[in-house]
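Read through the structure below, which is laid out as structure tokens, and then see the notes.
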Amino acid sequence: MRPFLHAYAEAGGPAGLLEEETLVQLIRHQLRREAPSFQRQELQGTVHDSEDVAYHERRLEMFGELRP
């Protein structure tokens, strides 16, 4: 994670260097936004392939693992 953050900051990324807890909260926020989108797509008739389903399942696991 740290090498990515340093490369991101050096490339001019707007978030700069973040404390680990802040970064974890941003990741959790993104995961929190993505999960309902996946479910909404299914309700609208989207059929997800096995790769999409596996990614979604891993996303839900990551959300639980990234507790502050």
| query | Roughly how many Å² of Arg32 are accessible to a 1.4 Å probe, to the nearest 10? | reply | 110
| request: Would you mind putting 48-55, 24-31 in packing order, based on average other-beta-carbon counts within 10 Å, highest first? | output: 24-31, 48-55
| Kirkwood hydrodynamic radius (C-alpha pairs) into Stokes-Einstein, the chain, 4 °C and 1.567 mPa s, D in µm²/s | 95
| field | FRET efficiency estimate (nearest 0.05) - Cβ-Cβ, Tyr55 to Leu5, R0 25 angstrom | value | 0.65
| query | Looking only at the stretch 45-68, which residues have a backbone nitrogen under 18 Å from a spot 7 Å from the Cα of Leu18 in the C-beta direction? | reply | 59-60, 62-68
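Would you mind working out the magnitude of the charge dipole of the stretch 1-45 relative to its Cα centre, with +1 at each Lys and Arg C-beta and -1 at each Asp and Glu C-beta, to the nearest 20 Debye?
Around 180 debye, computed over the stretch 1-45.
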| message | Quick check: the angle from helix 50-65's long axis to the longest principal axis of the chain, C-alpha only, nearest 10 degrees? | response | 50
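The values are calculated or read from the model by the stated rules, or taken from the named source; none is laboratory data. Source: prediction; values computed, not measured. Methodologically, a virtual Cβ is constructed for each residue, glycine included, from the backbone with ideal geometry; neighbour enumeration extends over all protein chains shown. Note: accessible area is taken over every heavy atom of the protein model, side chains too, but ligands, DNA and RNA are not part of it. Shrake-Rupley method; radii C 1.70, N 1.55, O 1.52, S 1.80 Å.
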